[in-house]
Structures are given as C-alpha cells and as structure tokens.
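As structure tokens, the structure follows; a few thoughts come after it.
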Amino acid sequence: MDDEIDTLRWEISEHSPIIEQVISKYKFNLKYGGYFRLARNSCRQVYCFGFRKSLYIDTCSYNRTQLVKEVRKHYPSDSDIVLSINFVDKNAKKQCFIELDSDENFMVMLSMYKEEKEVTIYATTEKITQQTYNPFSIQDEVIDESDDENDSESNCPSEESYHSRHSSDNEYELLNYDCETDAQSRSSPIFKLNSKFPNVIAFRRALNHYAIIKEFEYVIEKSDLTRLTACCEDKKCEWRIHASVTQDGVTFEIKKFVETHSCTRSNKCGNKHATQGWISDVVTDKLKSDGDVSPANLQTWLMQTYNVNVPYMRVFRGREQAYKDMYGNWDDSYVNVYDFKQELEKRNPGSVVEIDLQTIGDKKHFQRFFISLTACSKGFLAGCRPYIGIDACHLKGKFNGVLAAATGIDGNRHMFPVAYGVLESENTKSWTWFLKLLQKAIGTPDGLVISSDMQKGLGAAITQVYPNAEHRECIRHLYNNFKKHFRGEYFMTKLWGAARTYSVSKHDRLLNEIASKSEDAILYLNENHNKIWSRSKFGTLVKCDYITNNISETFNSWVGDIRYKPVLDLLDAIREKLMKRFDKKRRINLGEFEVCRSSDNRAEVKYKGKRWEVILDEKKCSCRRWQVTGLPCVHAAAFIAFKREPNWETYVDTYYTVGKFREAYALEVAPMPGKDQWVHIETNEKIYPPIIKRPPGRPKKNRIKPPDEPTKKRHRCHRCGMYGHQQRTCKNPAREGFDDASTSKKKEHKRS
C-alpha cells in the first residue's frame, strides 16, 4: 500500500545544520523495490508498492558505501539498474529530497537527524522529480490532465456515463483522488493571490475544505458562474476572498485575498461547510479500503478526523454520492448488461448466462440475471457430490433485490459455487426461473439432493423443477419455527437428537417421546415440515450428512463485503472471486472395540454392550453413517484396522479422492478486460432499472439473528458431544467411543 512520506513531521528552522561527525547508534528505515508518484491532486509524492527493512548502524563504522551495497542486495545483480537513494530534507518548507550521491550528503543526513536518531531512506530506479502541482493552488497554466480531472469532479454525477471513470488512459484521471490518506486530508490547502482553479465548482470545494481545516465560518456575499466573494462570518473580521473567471471563461483566479483573521474563531466552523459533496470527497478512500462502512461509523470518523459533527442523513447522502463516484450512476448500471453477458459467454464457452426483463409500457426494466460458468457446472458434475444448497441474501444497494446462489461441496468439504444470480425477490416465479436455468446448466444428476431453508416460494419451485430430487430442510430453521409454538429444553434436545441420529429406530423413539409430552408438536411437524430433515431418512448416493444449510450461509458470508455494489460490479466481482478461488484450489495438494469376524468382509463390532454389523466390500455399516457420508464410521475403521488393511483409501467414497477434487477445479474461470474494452452490442433498446418496491422503514442490510443463536464459538463437551458445559460437570450419557476410565487416568497422571 502507499506509504505516505508526509507522515514525517517536518521542522522548519532558519539555518541549515552544521555538518559534523556524529558517533552514535542510528536506525535506518530502508524502503526499496517501489517507486514515487504523485499523491492525488497534490505536489507531494508518495512511495508505492515497496518493501521495508530496518537497519541499526553505528556511524563510527558505517558509511555511504555500505548503505549502497545493502540496497543493491535487493535488486538483480546482473542488471544495469541505476539506483537513486534519497532522504527527506526535514528543514525544507515544502517536500524536498536530498540524494545520497556523496559522502558529504551522507554526513548532512546524519547531522539533520541527530536528535531523532532515526531516518527513512528511499531507494528507486529513477531520479525523483520535484513537483510543484497543488490541488487547491494552481500557479501555472492549467494542463489538460488537471482540467479533465477536476471536470470529473462535476457537481452533477447523474449526468455521467456509467463507465466514464474507467474509460481514460490518463493517469491523473484514473487516480481520481484514489490515494489520499488521512494525513493529506487534514493538510490545509494553500490559498493566495493569483491562485487558479479549473472552474467555480473546484474553487467552492477548495474553499469549503480550507474553512473546515482552518476551523472558521465564512459567508458568501456574491456568487454566480463568473465570480464569488466571501468574508468571515464575523463582520468585524478582516478575512476576505474574491475570485472571478479569467479570459477563457472557465478558469477561476483569486483576485483579492486577506488571509489574516482578526476574529477569535471560537465557533470551530460547526458543520455548515461539511456539505454532501465535501463528505463524498473525504470518505471515498475510507470506503475503498474498508468496504461498506455504515453512516454512523462515518459520522464518528468525521468527528475524530475533522472535528465536525455532521447529521446522519447528510453523511448517508454523502456516502451514496461517493459510491456513485466510485462505481458510476446506479440507474446507468443496467445499460451494459448485454455487453457483460456476451463477454462472459465469449470468455467462458458453454456457460449458461441469462437475463430476464420486465416490460412496462414501452420500457424494458431489468428483473433477473443468472450465471453458471462452465468451470463451475462441469466441475460440479465431474468432482462434487450431487448435493446443492439453495439460498438467497438481500442486496445492500439502492435497488432492492436478492442475490441467489446454488452451492455444492467439494471433496475437501469446502463450498463449491455452482451458479449465482440476481432476482427481484424471493417468490415461486423467480425461484422457478432460477432452478430451470440451473437444470439447464447441470441437468439432474443421480441422487441429487437439494437443501434449503424453505424460503418463500422455494419449496413449490423445487417440486416443479426437480420433482424426483431429495429435498432436505435445514434443521436450524425448522427448529426456529418449531420453538415459536413449543418451547423448552426438552423439545430442543429431542428434536435435534432425532435430526442427528442415523438410526431409524432411535429417530422414531425420540419423536414418540416428544409426542408423549405434546401430540400437537408431531402434528405441527407433519403439516408444516414434511421435507427430509433427519439423517435417518437421508439417501445413500449423495454421501453427505449435513442437516443444516450452512454451506449456503458460507457463500453469503463469502460475498458479504461486496453486496453493496451495483449489479454489474457485484456479478463481476463474484466472477473474479471465483477465478481466484479456482486457481488457489488447483494448487492445493491434498482399542476399545471388539471385532468378531465372520468372513474377510463381514464382521460384528461390539462396544460397551452395543453391536453393529459391518460389510466392507459393500461399504456398509448397520449404523448407516458410512453409507450416508461415504467415509468409514468408527466401527468400520475398527474392522479395517483389525484386518491390518494398508489401503484405507479403497473404503472411502470417490468423492473424497484427490482425483475428484482436481476434476472439480480443473477448468479455469477466464479473466476479462475492463468494462471499457467490452464489445459493445448495438441496440436501440435501453435497459431501465427495476421497479422499486421498497417496504417502509429503513432497509435491512444484515440478517436478523434469533436471540438463541450463538454469537461466539461455544465450548463442546468431549464426553457427550453437547454444548454449554464442561466435561468434568457433564451429567449426560457418554457418547459412543468415549472412555471415562482412560480420561481419569490422564487427569491423575497430570496431577502427579
């Protein structure tokens, strides 16, 4: 990241230091491998994308030659690179660098920083050019780059094209205030006679910023497109400024300026000049670095940084304007949807990309977008279990809607995104449209399982599109609905136990115990939750025993920090995350049981009075865990170990093999150029934004968590496997495979 040189505090003195030999310990902060460039709209230069190393030296035995050798160690030895080593002249009134091209300058540096005993040294492969450009004071003739840049600061962002900020090769335009740091934001802009500004808007913004930094209020006496006159709010104060247009009819120049205040300036400026446009300018960098920051947090940050207390709604509007400046006009974000579709299909042949529009009158409004890249769909079919979690999360931008996703599981039990898209809302029609396109992408694999939270309309859509698929319901969401009618620890323990067990008889027994307390509870489950939610009812082809839909929640969390972006930027950001994820995954390399064997492949396994039948060649155990998960259960593992079988991998389902894992991520998600390089489709139809059906109240951006949902990782008892208590206080029956005797021996051994 950019390392701002301006964080050094320059001390201005009238005389240069006397050169003398200083014999003491110094700390050199050496920065190398980077380069200097202008900070945003500033004469200051920043050192970018380098490395840092601290050197502790004794000036008695260390000289400039040793420093040059140390720097050269970090650059190719066989190249003809000419290095420039510099340090900041702290006595200069403006940013100034001194090159260490002689022993004399080396001694100057030591003498200059003899009090601090610490100096930052910058190494570059080119000479540093001292700049004179200033964002608020343009002394010389304004060049084209600066005109273009400040014109982009127009106060009418709605008239900009969506990609105007990404369509220039001009470096200054691309910076567009991208690199300002807090140190620079707090620096005072320079105002003096004959200072020039690109236009009246730039002058007004500079004046606003100047007033906030200097902490005073001003009153505008005259203002139009050709002139602006302002004075201090205190009529007795001498401070006054007048600027007017020059002969070119656009550029503004300060003609009269009385800089000194004769008032006390006790009001600290308040928030009068902290306008929406000013807020947009100063929070842009924070939004780019921190992502989606709430208006309340921005309020606090503005108070801490600029000492201004700004109303909540003004901060909110300023933040929205900053997003508009960064990503373009929200309304225009739907114009290039067909260009994006064509670019995806061109770069990823075989992908399923569809757009659905809503026609109202003679206008076509955006409604839905579906994407299933070839790498995702074919990778799922080739290397993943036929298990898909379906879920949707709300978008955080201007237009309401949901981000829907179909997520699978790879051989390493990690999420595998299969398809994603934007829907207008969760209803049967939109889910049916999404699932039909999902079916077009992956078909209907054998043993397909679809897990969901039973969102609005999803159940009916799954029944219509995938009538033969095994539809599982998330037990966590089921229980959240169940406890609204039947509360208590007893119901919770029995219901979760019935969901976790692989045994049909145990499942029925736990439900009968619930019925003994309340028959209405069983009637409620049969009427309202008739999908599959217990492991005892799971099929054996999919090899997945998940009773929750947490794999979909994982996807929602994965994209959580980009959901505030406009639709095109959001969809493209997910594509980029997929591209990186696929590339990363391609680089990953992957006592107490009694066994009574009846043949080489069949045996009875006993443990603490219980008994299970294990059949190795059929990969079956009477506990059913092996059949459901595809991994040998503890009983099968005991039999395999009893046989001293070296090839354990033969008993693990192929979905867990490295081959299947590699097949899942074998295809690549193709990279794409910037939006300005997409092939433009000539069409007379303009795509309008969707029709907003925003409910009353402030839009919800975060999921409402139930009161009993844990916010932190809970401790799990090693004895019974339940949560909320320690092993030493556990009163529940011990879980299968746990030995109380061996645990007691370990405790006694530790005490001794």
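Restricting to the stretch 289-308, and then to whatever is assigned to a helix (DSSP H, G or I) and aliphatic (A, V, I, L, M), can you tell me which residue is nearest to residue 675 (Cα to Cα)?
Per the stated criteria, the residue is 298.
Looking at (1) in contact with a strand residue (DSSP E or B) (Cβ under 7 Å, 6 or more places away or on another chain); (2) within 22 Å of residue 675 (Cβ to Cβ), can you tell me which one residue 363 breaks?
(2)
Suppose we keep only residues that are open to solvent by 50 Å² or more (accessible area, probe 1.4 Å) and hydrophobic (A, V, I, L, M, F, W, C) within the stretch 651-669. Which one would you say is farthest from the chain's Cα centre (by Cα)?
Per the stated criteria, the residue is 658.
Tell me which of these residue 467 doesn't satisfy, since it passes every other one: (1) open to solvent by 20 Å² or more (accessible area, probe 1.4 Å); (2) at pLDDT below 90.
Every condition holds for residue 467 apart from (2).
Take the stretch 364-378 and flag every residue that is more than 16 Å from residue 431 (Cβ to Cβ) and small (Gly, Ala, Ser).
375, 377
Under 8 Å by Cβ, and 6 or more places apart or on different chains, what pairs join a residue from the stretch 450-478 that is over 17 Å from residue 544 (Cβ atoms) with one that is surrounded by 20 or more Cβ atoms within 10 Å (Cβ to Cβ) and acidic (Asp, Glu)?
Sorted first by the residue in the stretch 450-478, then by its partner, the pairs are 454/473; 455/391.
Just one of the numbered conditions (1) under 28 Å from residue 698 (Cβ atoms); (2) assigned to a loop (DSSP other than H, G, I, E, B); (3) not basic (Lys, Arg) is not true of residue 365; which one?
(2)
For the stretch 309-326, state whether one or more residues are closer than 19 Å to residue 424 by Cβ and in a loop (DSSP other than H, G, I, E, B). Write out each step before concluding.
As a first pass, look at the stretch 309-326 and keep what is closer than 19 Å to residue 424 by Cβ: none.
No: zero hits.
Residues of the stretch 380-397 being closer than 26 Å to residue 424 by Cβ and surrounded by fewer than 24 Cβ atoms within 10 Å (Cβ to Cβ), which ones?
Scanning the stretch 380-397 gives 393, 394, 395, 396, 397.
Answer with yes or no whether residue 273 is within 28 Å of residue 310 (Cα to Cα) and in a loop (DSSP other than H, G, I, E, B).
Details: within 28 Å of residue 310 (Cα to Cα): yes; in a loop (DSSP other than H, G, I, E, B): yes.
Here the answer is yes, as residue 273 does meet what is asked.
Among residues belonging to the stretch 272-320 that are charged (D, E, K, R) and within 21 Å of residue 561 (Cα to Cα), point out the one that is most open to solvent (accessible area, probe 1.4 Å).
Only one residue tops the list, namely 317.
Among strands (runs of 3 or more DSSP E) lying entirely in the stretch 163-265, which contain 3 or more residues that are at pLDDT 85 or above and touching a helix residue (DSSP H, G or I) at 6+ places or on another chain (Cβ under 8 Å)?
In the stretch 163-265, the matching strands (runs of 3 or more DSSP E) lie at 240-245.
Residue 500 versus (1) out of contact with any Lys or Arg (no Cβ under 8 Å at 6 or more places or on another chain); (2) open to solvent by 40 Å² or more (accessible area, probe 1.4 Å); (3) closer than 30 Å to residue 435 by Cβ: which is the lone unmet condition?
(1)
Here's a check for you: in the stretch 62-77, which residue that is outside any helix (DSSP H, G or I) and within 41 Å of the chain's Cα centre (by Cα) is modelled with the highest pLDDT?
Looking at the filtered set, the residue picked out is 73.
The values are calculated or read from the model by the stated rules, or taken from the named source; none is laboratory data. Bear in mind that the values here come from a model prediction, so they are computed numbers and not experimental data. Note that we place each Cβ from the backbone using ideal geometry, even for glycine, and neighbour counts take in every protein chain shown. Protein only, heavy atoms only, side chains kept; ligands, DNA and RNA dropped before computing areas. Shrake-Rupley method; radii C 1.70, N 1.55, O 1.52, S 1.80 Å.
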